[in-house]
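Structure, as structure tokens:
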Amino acid sequence: MDMKVAKKKLALKEKYRLLTRDLGWEPTYQNKDEIYPYTKYEGIRIHDWDKWEDPFRLTMDSYWKYQAEKERKFYAIIDAHAQNNGHLHITDARYLSALKIFLQAISPGEYAAGKGFARMGREFPGVGTQVACQMQAIDEIRHAQTQIHALSNYNKFYNGFHAFADARDRMWYCTVPRSFFDDAVSAGPFEFMIAIGFSFEYVLTNLLFVPFMSGAAYNGDMATVTFGFSAQSDEARHMTLGLECIKFMLEQDPANLPIVQGWIDKWFWRGFRVLGLVSTMMDYMLPKRVMSWREAWNIYGIENGTALFRDLARYGIRAPAGWDDAEKAIDHMSHQFMLGLYQWSFGTALHSWIPSDDDMAWLAKKYPDTFDKYYRPRWEHIKKLKAAGTQFANYGLAKLCQTCQLPIVFTEPDDPTRSAQREGEYKGEKYHFCSDGCQHIFENEPEKYIQAWLPMPQLFQDPIGGDLAAWMDWVGLRNGKDNGDFDGSEDQKNFDAWRAMATSNQ
Amino acid sequence: MQIDLRTVSIQPQRQAFDHLVRRFGDKPASRYQEGSYDIQATENLHYRPTWDPDQLIYDKSITRIVMADWYALKDPRQFYYNTYTLARARQQETTEANFTFVETRGLADMLPEELKQIALKVLVPLRHVAWGANQNNTFVCGYGYAAIFTQACMFHAMDNLGIAQYLSRIGLLLGDTEALDEGKKSWLEGDEWQPLRRYIEDCLVVRDPFELFVAQNLALDGLLYPLIYERIVDGHLSSRGGSAIAMLTQFMSDWHEETRKWIDAVLKTAAAESEHNRSVLQEWTAKWGSRAASALLPVAQLALGADADEAIGEEMAALKARLKKTGIEI
Amino acid sequence: MSTVFIALQTNEDTRPIIDAIVIDNPNCTVNRQPAMIKIDAPGSLTVRRETIEEQLGRAFDLQELNVNLITLSGNVEEDEDTLTLRWNS
Amino acid sequence: MAVVSTKPYVGVPRDLVANFNGKQLVYACWDQHLLFAAPFLICVPPEMSFRELVDGPLTALMQPDPDASAVDWSKVEWLKSNKPFTPDFDASLAANGIGHKEQLRFITPGLNSLLAAA
């Protein structure tokens, strides 16, 4: 028998190279441009795909092993939560509105992102890039499913969750994240990576998952905190992928810089608008709060974002164009959204409410320059209307922004007393925007954004023709159950009754 | 604050999400159903793709297969992320144990040199084939329609990658990094591999997701896995003292057994949908099946020599019999 | 100097990891939040396999971090012995 | 700028006036009155007179604001597409040049019960 020769011990990087990147080859029977037909048209120049740095060198064996461990933990908690009436542990049923937004508006985005990453996992010519995208694709399927599973038990006991699949395609506030993901998925592969991999994952998801999920824990919702943190552990890989991808583009060719900067500007603003909903979830919908939206922004937006853009400055990248406008909006946006949600609550599959005195004291403390001055007077008046038996409902519906699709609830960056209005014309049609940022995005690609499906104008077209009851039916909203003021709702009554049963011996 | 809650029995307000009640009636839904049905956006897609303005973001018409409801393509394994990942993690533990067993007992070194050479020659270049399969299934997931079908394709793609990595480890175990270099050289230049490489590269330009599904998962892998892992490794090599190799490829054999049930179910449902689908599937399976058979012949010869012809003939007959059960005759 | 951070779930698995990070990064700040521990450090932060193994008393694969990791910031450099987060300016 | 794409890229707007069965959209925003979270979206026929728009849907929608009853329409200042505009109350929307998706903004100086000036 031959002498045993000790095998070379392979370092992680080398092992990963052999087990992953070395699997590909230069094709000779087919033209590379036909195999990868979408890599050139956006104008990004890549000279050497081998220069790609792999983020987190996971091979499939480790992937299966660690992900299975996460999954076992997650479903153990979800099962226990379902078996032990875990829903009665939450601080207050008001909190459920945040979860309803999550399921209707955010979880479908996870699925869409998965679809996008599957495409990128095939369209990029480098094996390292492909595999990183594929892992993200399968992770995103995971996120959509764990979220649906975690919230499924709430659906059995509370209103507003049951029609999330219909809401995703038809409900007015759901088109905000839907159009965001549709925008990304309909873009080319490099832009998609900036949109989701970089702007959404790296710059913004910390704001979505970390402080809000910490808040879920604080409010006794172990199901949500578990899916949140479990998903976010995948995001750490995804964020690193996003950052590596942007560095790769910038290092490959100086001509890529202006294109990449344009996408950063666009997608930062797109993402910032989508995350506005999260500001309301944090400031208004958590009965017990860990930190305000402003405080979260200071940590994850300003501190982390500034560090990131300072780091990228060596490539010539500057902070996104909308950065200053975003900062000016922080102390206003959650209040502006909640006022909107409350007055249009006849058309939401979630409840909203007038903040209590206690809530308002907290908001005043967290927003010393804005809440008492601008927003408290409105809430006090709304309270009076309700006390007089003329609860405020704004049947005027709302003008929507052609780009971000949000109702135009925002004020001028430098004047919180004036509603922000921007408009433009393209091929003889008028279009309206909520901000310079959104108008700019439209004007860069008007043929794209004129196609936007805007839910409020659609309500007056066929098949609904302006009939509110028909619309409710069409979006799966059951009037008097899913919508309206939390005060007096079925959710409130049921939760209080069940909790009373569970905490007494009667 | 932790409240001590008494266990109480509360009547649920409803059993399942609306879209599942519409499909399955008013009863509790399984986690597979919750995680798979209707979770892809279907209406009011906002923008045309810039990468192909003739398509919709999710477009049923980019394949020739027509389904009234794409969610009919149920996975008999009912894999969603959790059940998939747990199943593979268990198999991975077994595989790891097998590799450790072979390594620690020096079984690789005890292999007859001739068998080792056959294993290296046949198995190592196949890691590139598995990577091609990964590309193709990723494509089907990316552009196919409906989560129930496409999620299974993504799982399949990750399995393909896992298999490519196991094959690489077999190469490293039996012949170190040089084996991988040699294997790649054969893949790129060796005459016996060129028809198969051409097959894979031709698949990489097919942009009908369902055709690609047929070309890769049914035609090519439907011949390749029984040929390589059952016939050559478990049969030919094991009977000559190479069962250590079979330990290292157990994952591939088990995996093929499991996944073919899913592939057959997909084909059967699609073929049963209409005469149009059946004839398209017949056309594709015939075309790609015969190409796959001839591409695999020189590979089979590496191990089986003159018996390769007969082996391929038998595998092709088996594939035809398998197809017949799904309602497709070639 | 920019701050990097790493956040981990609060549980028994992460206790020795956090102890190890604190040992290896004397400049770091540990913030305990509901269900989560966030560790900030100026400029860079290094997670060392060896230190974790000392705290844990068993072999540890750095990729096990994936199971309880919540989030991080900074450029990631990873090999089998260390995971480093760093801002370059 | 043009959309960058692999093939010619043509978008079709979804809110063309032709889709509204003879009606059109008008947006109206009461300046400095942010009890109303966003400008109103009103769907009306272009033959409707400006007065009918004001006395009808607009007045109805404004009621929840404490200033609603104090509005003197003869003193209201109007902006159309952000430019000063003097409406003819008796003429139709069309004759007033108020087309589909027109944005009207109206200013009622001195009325700002719920909003102290910045």
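Here is a check on your reading of the model: is A:Phe442 farther than 20 Å from A:Trp267 by Cα, within 11 Å of chain D (Cβ to nearest Cβ) and buried (at least 18 other Cβ atoms within 10 Å of the Cβ)? In short, no.
The condition of being closer than 20 Å to A:Ser186 by Cα, modelled with pLDDT of 95 or more, in a loop (DSSP other than H, G, I, E, B) and not small (Gly, Ala, Ser) holds for only one of B:Arg48, B:Arg14, B:Arg77, that being B:Arg48. Checking A:Tyr38, A:Tyr95, A:Tyr63 one by one, the residue that is in contact (Cβ under 8 Å) with a residue 12 or more places away in the chain and within 7 Å of chain B (Cβ to nearest Cβ) is A:Tyr38 and no other. Taking the criterion of being over 12 Å from the mean Cα position of the chain (by Cα), farther than 30 Å from B:Leu302 by Cα and more than 8 Å from chain A (Cβ to nearest Cβ), the residues of region B:119-155 that qualify are B:Gly144, B:Tyr145, B:Ala146, B:Ile148, B:Phe149. When C:Thr46, C:Thr71 are checked against the criterion of being within 12 Å of chain A (Cβ to nearest Cβ), of a type in the set (Ser, Thr, Tyr) and part of a strand (DSSP E or B), C:Thr71 stands alone in meeting it. Restricting attention to region C:1-34, and to residues there that are under 18 Å from A:Ser233 (Cα atoms) and charged (D, E, K, R), which single residue is farthest from the other protein chains (Cβ to nearest Cβ)? The residue in question is C:Arg15.
Across region A:324-357, the number of residues qualifying as over 16 Å from A:Phe410 (Cβ atoms) and of a type outside the set (A, V, I, L, M) comes to 11.
Residues of region C:1-21 that are in a helix (DSSP H, G or I) and surrounded by 15 or more Cβ atoms within 10 Å (Cβ to Cβ): C:Pro16, C:Ile17, C:Ile18, C:Asp19, C:Ala20, C:Ile21.
Looking only at helices (runs of 4 or more DSSP H) that fall completely inside region B:236-330, which ones have 3 or more residues that are of a type in the set (Gly, Ala, Ser) and either touching a Leu at 6+ places or on another chain (Cβ under 7 Å) or crowded, with 19+ Cβ neighbours inside 10 Å (or both)? Before you say what the answer is, go through the steps one by one.
Numbers: elements: B:243-248, B:250-273, B:275-304, B:308-325.
Of the helices (runs of 4 or more DSSP H) lying wholly inside region B:236-330, those with at least 3 residues that are of a type in the set (Gly, Ala, Ser) and either touching a Leu at 6+ places or on another chain (Cβ under 7 Å) or crowded, with 19+ Cβ neighbours inside 10 Å (or both) span B:275-304.
The C-beta contact set for region A:107-118 (first residue under 16 Å from A:Thr205 (Cα atoms) and more than 7 Å from every other protein chain (Cβ to nearest Cβ), second residue crowded, with 24+ Cβ neighbours inside 10 Å and among the polar types (S, T, N, Q), distance under 6 angstrom, 6+ apart or interchain) comprises A:Ser107/A:Gln147. Can you name the residue in region A:255-276 that is more than 30 Å from A:Ser334 (Cβ to Cβ) and in contact (Cβ under 8 Å) with a residue 60 or more places away in the chain and, of all such residues, is surrounded by the most Cβ atoms within 10 Å (Cβ to Cβ)? So the residue we want is A:Val260.
Please find, among A:Ser292, A:Ser279, the residue that is buried (at least 23 other Cβ atoms within 10 Å of the Cβ) and hydroxyl-bearing (Ser, Thr, Tyr).
Numbers: A:Ser292 fails: buried (at least 23 other Cβ atoms within 10 Å of the Cβ).
Within the list A:Ser292, A:Ser279, the selection yields A:Ser279.
Taken as a whole, region B:5-23 holds at least one residue that is surrounded by fewer than 17 Cβ atoms within 10 Å (Cβ to Cβ), more than 25 Å from B:Leu267 (Cα to Cα), within 7 Å of chain A (Cβ to nearest Cβ) and of a type in the set (Lys, Arg).
Pairing residues of region A:346-364 that are more than 21 Å from A:Lys384 (Cα to Cα) with residues that are among the acidic types (Asp, Glu), at Cβ distances under 6 Å and at least 6 apart in sequence or on separate chains, gives A:Ala349/A:Asp482. Taken together, the criteria exclude D:Asp88 from residues that are out of contact with any Lys or Arg (no Cβ under 7 Å at 6 or more places or on another chain), more than 9 Å from every other protein chain (Cβ to nearest Cβ) and closer than 30 Å to A:Ala387 by Cβ. Among all residues of region B:70-93, there is at least one that is in contact with a Phe, Trp or Tyr (Cβ under 7 Å, 6 or more places away or on another chain) and at positive phi.
Residue-wise test of (1) at pLDDT 95 or above; (2) within 30 Å of B:Glu93 (Cβ to Cβ); (3) of a type in the set (A, V, I, L, M).
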{"residue": "B:Ile245", "(1), (2), (3)": "yes, yes, yes"}
{"residue": "B:Ser253", "(1), (2), (3)": "yes, yes, no"}
{"residue": "B:Ala265", "(1), (2), (3)": "yes, yes, yes"}
{"residue": "B:Val280", "(1), (2), (3)": "yes, no, yes"}
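For region A:131-169, a residue qualifies if it is within 7 Å of chain B (Cβ to nearest Cβ), in a helix (DSSP H, G or I) and under 26 Å from A:Ser352 (Cα atoms), and the qualifying residues are A:Ala144, A:Ile148, A:His149, A:Ser152, A:Asn155, A:Lys156, A:Phe157, A:Phe164, A:Ala165, A:Asp166, A:Arg168, A:Asp169.
When restricted to residues that are surrounded by fewer than 18 Cβ atoms within 10 Å (Cβ to Cβ), in contact (Cβ under 8 Å) with a residue 24 or more places away in the chain and within 14 Å of another protein chain (Cβ to nearest Cβ), region A:469-489 contains 3.
Which residues, taken from region B:87-144, are of a type in the set (D, E, K, R) and within 25 Å of B:Ala219 (Cβ to Cβ)?
Taking region B:87-144 and keeping what is of a type in the set (D, E, K, R), we get B:88, B:90, B:93, B:96, B:103, B:105, B:109, B:113-114, B:116, B:121, B:127.
Matches in region B:87-144: B:Arg88, B:Lys121, B:Arg127.
Restricting attention to region B:226-260, the residues that are of a type in the set (Phe, Trp, Tyr) and under 18 Å from B:Pro76 (Cβ atoms) add up to 1. Scanning region A:218-259 for residues that are more than 10 Å from chain C (Cβ to nearest Cβ) and polar (S, T, N, Q) turns up A:Thr224, A:Gln252, A:Asn256.
Only one of the numbered conditions (1) on the phi > 0 side of the Ramachandran plot; (2) at the interface with chain A (Cβ under 9 Å from one of its Cβ atoms) is violated by B:Tyr58, and that is (1).
Based on this model, can you work out whether D:Val3 counts as β-branched (Val, Ile, Thr), facing chain A (nearest Cβ under 7 Å), assigned to a loop (DSSP other than H, G, I, E, B) and surrounded by fewer than 13 Cβ atoms within 10 Å (Cβ to Cβ)?
Working: β-branched (Val, Ile, Thr): yes; facing chain A (nearest Cβ under 7 Å): yes; assigned to a loop (DSSP other than H, G, I, E, B): yes; surrounded by fewer than 13 Cβ atoms within 10 Å (Cβ to Cβ): no.
No: the conditions fail for D:Val3.
Does B:Tyr199 meet the test of being touching a Ser or Thr at 6+ places or on another chain (Cβ under 7 Å) and either buried (at least 22 other Cβ atoms within 10 Å of the Cβ) or not in a helix (DSSP H, G or I) (or both)? I'd like the intermediate steps shown before the answer.
Values: touching a Ser or Thr at 6+ places or on another chain (Cβ under 7 Å): no; either buried (at least 22 other Cβ atoms within 10 Å of the Cβ) or not in a helix (DSSP H, G or I) (or both): yes.
No: the conditions fail for B:Tyr199.
Among the residues of region B:61-70, those that are crowded, with 19+ Cβ neighbours inside 10 Å and either within 13 Å of chain D (Cβ to nearest Cβ) or β-branched (Val, Ile, Thr) (or both) comprise B:Thr63, B:Ile65.
Residue-by-condition table, conditions (1) out of contact with any Cys (no Cβ under 6 Å at 6 or more places or on another chain); (2) among the aromatic types (Phe, Trp, Tyr); (3) surrounded by fewer than 22 Cβ atoms within 10 Å (Cβ to Cβ); (4) more than 8 Å from every other protein chain (Cβ to nearest Cβ):
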| residue | (1), (2), (3), (4) |
| --- | --- |
| A:Gln391 | yes, no, yes, yes |
| A:Gly396 | yes, no, no, no |
| A:Asp415 | yes, no, yes, no |
| A:Tyr431 | yes, yes, no, no |
| A:Cys438 | no, no, no, yes |
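Within region A:172-195, being assigned to a loop (DSSP other than H, G, I, E, B), buried (at least 24 other Cβ atoms within 10 Å of the Cβ) and more than 7 Å from chain B (Cβ to nearest Cβ) holds for A:Tyr173, A:Cys174.
The values are calculated or read from the model by the stated rules, or taken from the named source; none is laboratory data. These figures come from a predicted structure and were not determined experimentally. Every residue, glycine among them, receives a Cβ derived from its backbone with ideal geometry; neighbour counts consider all protein chains shown.
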